[in-house]
1. Please find, among CYS52, CYS103, the residue that is in a loop (DSSP other than H, G, I, E, B) and under 20 Å from the mean Cα position of the chain (by Cα).
2. When you go through SER186, SER237 one by one, which is the residue that is crowded, with 17+ Cβ neighbours inside 10 Å, among the polar types (S, T, N, Q), more than 16 Å from ligand 2 (Cβ to nearest atom) and over 21 Å from PHE72 (Cα atoms)?
3. Could you tell me which numbered condition GLY86 fails, if it satisfies all but one of (1) over 23 Å from the mean Cα position of the chain (by Cα); (2) part of a strand (DSSP E or B)?
4. Among the helices (runs of 4 or more DSSP H) confined wholly to segment 352-462, which include 3 or more residues that are touching a residue at least 40 places away in the same chain (Cβ under 8 Å) and surrounded by 17 or more Cβ atoms within 10 Å (Cβ to Cβ)?
5. Assigned to a strand (DSSP E or B), surrounded by 24 or more Cβ atoms within 10 Å (Cβ to Cβ), on the phi < 0 side of the Ramachandran plot and of a type in the set (Phe, Trp, Tyr): is that true of TRP340 in this structure?
6. Any residue that is part of a helix (DSSP H, G or I) and closer than 24 Å to PHE431 by Cβ - is there at least one of those in segment 320-329?
7. Consider PHE431 against the criteria (1) within 24 Å of PHE304 (Cβ to Cβ); (2) modelled with pLDDT under 95: it satisfies all of them except one. Which criterion is unmet?
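The values are calculated or read from the model by the stated rules, or taken from the named source; none is laboratory data. These figures come from a predicted structure and were not determined experimentally. A quick note on method: Cβ atoms are made from the backbone with ideal geometry, for glycine too, and the neighbour counts reach across all protein chains shown.
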Amino acid sequence: MPAVLLPDHHGGTIVMLNPHDYVDIENGSQAKSIFWDSGLYEQELERVFARCWLFLTHESAIPNAGDFFTTFMGQDAVLVVRQDDGSVKAFLNYCQHRGNKVCFADSGNAKAFTCNYHGWSYGGDGRLAAVPLEHEVYLGGFDRTAHALEPLAQVESYRGFVFGCMDPDAPPLAEYLGEMGWYLDSFMVGDGQGAELVGPPMKSILRCNWKIPTENFIGDGYHIPWTHVSSIMALGSEIATIFGDTTQLQKVGMQITTRHGHGFAAAHGAGPLLMPSIPEYKAYFETQRPKVAEMLGPVRAEKFYGAHWDGSIFPNCSFLYGTNTWKVWHPRGPNEIEVWTWSLVEKSMPAELKRQVVDGAIRTFGTAGLLESDDGENMESCTQSNVGWKARRGRMVSNMALSEGRRHPDMPGIVGDGALGELAQRGFYRFWAEVMAARDWDEVRAGTQDWDAPWQRSATGR
Ligand code: FES
Ligand SMILES: [Fe+2]
């Protein structure tokens, strides 16, 4: 790929890097510098965060006209607002006068957003409604219509989960989720009522690169018996009973990767695997399963509904189902993220079960959760230890069971045997390299047309 020059923040230029130099999918390795290189990070802000669909909020957090929620896309502050007609719009949370934020609150309901610097006031639809002393100080007249809040190019909801995209040429959200949507429906549709998030999100800072938690959640079951053993014993989680024989995870699970880098690993029938024991939760899954089968058919009802999942939606949204946590890893530079954590519940759960599930999710993966702390230590170390002059020149490996993965007759995407593996991580880095190398969505489409070619072996099913 020829070097491309980009403007930097100081009037100079930076060279676009070729991400394929950093990721070797065929042999399963990544350069350690992908976790600290500031040039790559600049490229990510443009080509990953300003190009891909990013999770914003859940519709249930903004049910009424005027309800708003503030978040980030990459490092751009964003304001999401429920409109009078029930639709959802989102804008850059920046005043068009001098760039102050127009909304500092995390969420709420407002008729207008008034900048606290000079008082420009915007409607929930983004138009500039009022300017202090407009006629007195803007002597030549002032066109308020030219200074509306900048809207996101695209906002869409998938089963109530609201995503935004800054690139007007990106495919529709359902197409971007692609084959991953079929799996997500296992709980996002479920018995027909679907799922929602319980917020407001807990927030914390980790001194790590944003890709480390994404690749961890997308399929790293391998670390569970090592990183989390003490916490799991202390919590009395169900998986504590199989420690010493974690090959069981291998026997009862699978990993999935899809075209746009989304993926997950699932352990069938093992939903509350990491939770402190909640007998009602397991009973709930069994009550619901026939209803899910009716809605979605037997494969999703038996293999994925009530399974334990660890997954990621490219680039920076991750979740666990069974432990019911939903996370966004907001980048704050190459070496730091802000972690936002919601609890994930099914709408049909009885109120008391919802409370127990949220409590279990917070105790495990909330900001002060035991397993969250275990992971955070690894994620920070994997970033900071690669900054050293010598270490940064090395490579990491994700070459576990390289031959793993194939098309399956009953399931979309590429499916690998066993919940322990690195198929989904390789799929994540495959797409990361594609989207980082492409100049626009046309090139992303072309580059990912035959994305599954390496795994095209025919399948007999399992
Ligand atoms: S910066 Fe917002 S009114 Fe001046
Ligand atoms: Fe973990």
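1. Just a single option satisfies the conditions, and that option is CYS52.
2. Details: SER237 fails: more than 16 Å from ligand 2 (Cβ to nearest atom).
Criteria check complete, one pass: SER186.
3. (2)
4. Details: elements: 370-384, 423-437, 441-447.
Where helices (runs of 4 or more DSSP H) fall fully within segment 352-462 and carry at least 3 residues being touching a residue at least 40 places away in the same chain (Cβ under 8 Å) and surrounded by 17 or more Cβ atoms within 10 Å (Cβ to Cβ), they are 370-384, 423-437.
5. Values: assigned to a strand (DSSP E or B): yes; surrounded by 24 or more Cβ atoms within 10 Å (Cβ to Cβ): no; on the phi < 0 side of the Ramachandran plot: yes; of a type in the set (Phe, Trp, Tyr): yes.
So TRP340 does not fit the description; no.
6. As a first pass, look at segment 320-329 and keep what is part of a helix (DSSP H, G or I): none.
No, the conditions are met nowhere in segment 320-329.
7. Checking PHE431 against (1) within 24 Å of PHE304 (Cβ to Cβ); (2) modelled with pLDDT under 95, the one that fails is (2).
This table checks each residue for (1) under 16 Å from THR57 (Cβ atoms); (2) crowded, with 19+ Cβ neighbours inside 10 Å; (3) away from ligand 2 (no atom under 16 Å from the Cβ); (4) free of Cβ contacts under 8 Å to residues at least 60 places away in the same chain.
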{"residue": "ASN93", "(1), (2), (3), (4)": "yes, yes, yes, yes"}
{"residue": "ASN109", "(1), (2), (3), (4)": "yes, no, yes, yes"}
{"residue": "SER121", "(1), (2), (3), (4)": "no, no, yes, yes"}
{"residue": "ALA130", "(1), (2), (3), (4)": "no, no, yes, yes"}
{"residue": "GLU136", "(1), (2), (3), (4)": "no, no, yes, yes"}
{"residue": "ASP143", "(1), (2), (3), (4)": "no, no, yes, yes"}
{"residue": "ALA146", "(1), (2), (3), (4)": "no, no, yes, yes"}
{"residue": "VAL162", "(1), (2), (3), (4)": "yes, yes, yes, no"}
